[in-house]
Amino acid sequence: MTDLQKSNLVRGLAIGAVVGVLLGAVVMYSLQEPSADDEDRPPIIVRGGSLIFESGDAKTSGKNWKQKSGTEWKQDHDKGHWVGYFAVSFDAPSTCAPVYTPELTVYFKPDGPGADTAFQITRQPRNNNGNDKKQEPVVIGQGLVAANSITNPTLTFNQKGSIARVDYKTPGGTGTCATPKEIRIELAR
C-alpha cells in the first residue's frame, strides 16, 4: 500500500468516526425527556362577580396556584415554557381590541362604597436569585385566596363587584379597556 493510499484510508476512517459520533449524539438527544421549557402553559381567565383569576379553561386543565411571596402568586408549573408577553383579549361592552403586552393591571370596583383595588399580571424570573432570564407569569395583589382542588384552580378576591378597567402597556405608552366582563390572557413566547 502506498503512502497516498494509507493517507486516504486514515482520512476516511477519521471522517467515518466523526460522522458516527455525531449520529450517536443525535440519537441520544432524541431519546432524552423533553426540556423543562416545553410544556404549554394554560391561559389565565379573569372574571368579575368576585374577582376570579382562573388557571385554564374548558379546553385546557389548569395548574395549581402557588404563593411566591406574600402578595405574589404563580401557576405551579415548573416545566412550563417561559413567557415573553401576554396575548390579551376582552369580552367588553366597549370596543377593546386584543393586545400583546408584557404586563397589565386589573382594577376591581366593589359593589357599594370603596376604592378600586389593583391586581397586576406581570412576568418575573422563574427563580428568585435573578440569574434566570426565563420569565413566568405572576399575579400580584392583596387578599387573594387559592382554590386548588378543582379542575381549573382559581385565585379569588372575595368581594362582590366587577372589573372597572384594565390598563396595559403598549409600545407607545399605555392603553385601557373599560368595564370588561372577562379577560383571556394567553401566555406567549
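Taken together, the values in this text are just the output of simple stated rules run on the coordinates, not laboratory data. Since the model is a prediction, treat every value here as computed from it, not as a measurement. Here Cβ is always computed from backbone atoms with ideal geometry, including for glycine, and neighbour counts include all displayed protein chains.
When every Cα-Cα distance of segment 35-189 is counted in 5 angstrom steps from zero, the calculated P(r) takes the values 2, 10, 19, 23, 22, 15, 7, 2, 1, 0 percent. The label-point distance for residue 115 and residue 61, in a model that sets each label 7 Å from Cα toward Cβ, rounds to 4.2 nm. Straight-line cross-link reach from residue 68 at under 21 Å between alpha-carbon atoms covers these lysines, not counting any fewer than eight positions away in the same chain: 79, 133, 134.
Along the Cα-to-Cβ line of residue 76, 7 Å from the Cα, sits a label point; which residues in segment 141-155 have backbone N less than 12 Å from it? Backbone N within reach: 146-150, 153-154. Taken about its Cα centre, segment 38-189 carries a charge dipole of about 120 debye when Lys and Arg each add +1 at the Cβ and Asp and Glu each add -1 at the Cβ. The slack between residue 188 and residue 170, meaning 0.36 nm per residue of separation minus the straight C-alpha distance, is 4.9 nm.
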